[in-house]
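> Supplied in C-alpha cells, the structure appears directly below.
The values are calculated or read from the model by the stated rules, or taken from the named source; none is laboratory data. Just so it is clear, the structure is predicted and the values come from calculations on it, not from any experiment. No Cβ is skipped: glycine too gets one built from the backbone with ideal geometry, and neighbour counts run over all protein chains shown. Accessible surface is based on the protein model in full, side chains and every heavy atom, while ligands, DNA and RNA are left aside. Shrake-Rupley method; radii C 1.70, N 1.55, O 1.52, S 1.80 Å.
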Amino acid sequence: MLDETIKRLLIAEIDKILPEDSQNKLISAMRYVLLAPAKYIRPFLVIASSRVFNVKIERAISVAVAVECVHTYSLIHDDLPCMDNSDTRRGQLSCHKNFDEATAVLAGDALLTFAFEILSSLNEDSNKRCEIIKVLSQAIGAKGMVRGQILDIDVDFSKAKEIHLLKTAKLFAVSCEIGAIVGDATDKQRRALYDYGINLGLIFQVKDDIEDYKQDKINNLMSVLDGSEVENYIEALFKQALANLGKLSGDTNDLYNLLNRVRKNG
C-alpha cells in the first residue's frame, strides 16, 4: 500500500528506535509482528495527511511509527485465544503461536506503551505533543478501539457498523487527524481529514467483511445487508470521503489514490 521509499523509511525508523536484540524475547516478539509484511495504511495516513500541509516525511515518520505500534498491539491481542483465536497474521504465525501466549500479551502491552514513549519524545512543542497523545488515546480506549473489541466478542449482527467504526475507522481517522496536528491545520481542516479517515476506514472494513464472509459471518455486515445495499453503502462513504478531501487546498493526491485503491481492492 505504501510506495517503496516511504516503506523503507518506516522500516528504517523502526530499526533505529527498536533495534534487533536476539537475546531479548520481548523485543523479538514486538519486532516479529511490527515488521511482518503489512499494508501500513495507518502510518501512511499520518504521513499523507501531514503532506497536505507541506510537512516533510522526516518530521512525521516517528509519529507514524507510534501509530503503527498501536495498531500492531491491537492485532497481537486480537489474535489471542481469548479473543479471535487466530493462528496467522500478516502471512505468518500469529505472535502467540510463534512465541507463546504470555509473551504475546506482554509484547502487545509493550508496543502500546512504546507508542506513547515515542510520542512524548517528539521534537514538537509540548502543546502539540499533548494534543496528539490526547486524540490517539481517545480513539483507542474505552470509547474507541477497545470498546469495539469488546462489542466484537459478542455475537450481535446489529452492531456490525458500530464495531466497524470503533475497531477500525476511528484509528484511520485519528491517523489523519494526527497528520493535521503535526501540520498546524485549522480546526476545519482537522475535521475534514478526520471525517475522511472515518469514511475510508468504514470502506476498508466493509471490503474486509465481503472477503471474509464465507469464513467468518460473526458480526459481519454481509449478514445484515444484501449485496446491493453493501455496494450503495460503500458508494455513499466514497462520496463523503471525496467531499472531505475537497475541503482541503493542499496536496491530497496520496489520500485520493489510497481511497480509490481501498474502494477497489480493500
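> Let me spell it out: the conditions are (1) modelled with pLDDT of 95 or more; (2) over 22 Å from ASP100 (Cβ atoms); (3) of a type in the set (A, V, I, L, M); (4) open to solvent by 30 Å² or more (accessible area, probe 1.4 Å), and LEU9 meets all of them except one. Which number is the exception?
Status for LEU9: all satisfied but (1).
> Here is a check on your reading of the model: is SER28 of a type outside the set (Lys, Arg), modelled with pLDDT under 95, over 15 Å from the mean Cα position of the chain (by Cα) and open to solvent by 10 Å² or more (accessible area, probe 1.4 Å)?
no
> Kindly indicate the residue of segment 85-100 that is surrounded by 12 or more Cβ atoms within 10 Å (Cβ to Cβ) and small (Gly, Ala, Ser) and also nearest to HIS71 (Cα to Cα) among those meeting that condition.
SER94
> Name the helices (runs of 4 or more DSSP H) wholly inside segment 148-266 in which the number of residues that are among the acidic types (Asp, Glu) and surrounded by fewer than 21 Cβ atoms within 10 Å (Cβ to Cβ) is 1 or more.
So the answer is 160-164, 187-212, 227-245, 253-265.
> Which residues, counting only those in segment 63-82, are open to solvent by 20 Å² or more (accessible area, probe 1.4 Å) and over 22 Å from SER28 (Cβ atoms)?
Within segment 63-82, CYS82 is the sole residue that qualifies.
> Given the criteria buried (at least 22 other Cβ atoms within 10 Å of the Cβ) and more than 17 Å from SER175 (Cα to Cα), does VAL33 qualify? I'd like the intermediate steps shown before the answer.
Working: buried (at least 22 other Cβ atoms within 10 Å of the Cβ): yes; more than 17 Å from SER175 (Cα to Cα): yes.
Criteria met by VAL33.
> For segment 101-138: of the residues being touching a Lys or Arg at 6+ places or on another chain (Cβ under 9 Å) and not in a helix (DSSP H, G or I), which is least open to solvent (accessible area, probe 1.4 Å)?
Per the stated criteria, the residue is LEU122.
> I've got another one for you. Scanning for something in contact with a Cys (Cβ under 8 Å, 6 or more places away or on another chain), in contact (Cβ under 8 Å) with a residue 60 or more places away in the chain and under 16 Å from VAL65 (Cβ atoms), does segment 118-133 turn up at least one residue? Spell out the reasoning first.
Of the residues in segment 118-133, the ones in contact with a Cys (Cβ under 8 Å, 6 or more places away or on another chain) are 118.
Those left that are additionally in contact (Cβ under 8 Å) with a residue 60 or more places away in the chain: 118.
Remaining after also requiring under 16 Å from VAL65 (Cβ atoms): 118.
Looking through segment 118-133, at least one residue is in contact with a Cys (Cβ under 8 Å, 6 or more places away or on another chain), in contact (Cβ under 8 Å) with a residue 60 or more places away in the chain and under 16 Å from VAL65 (Cβ atoms).
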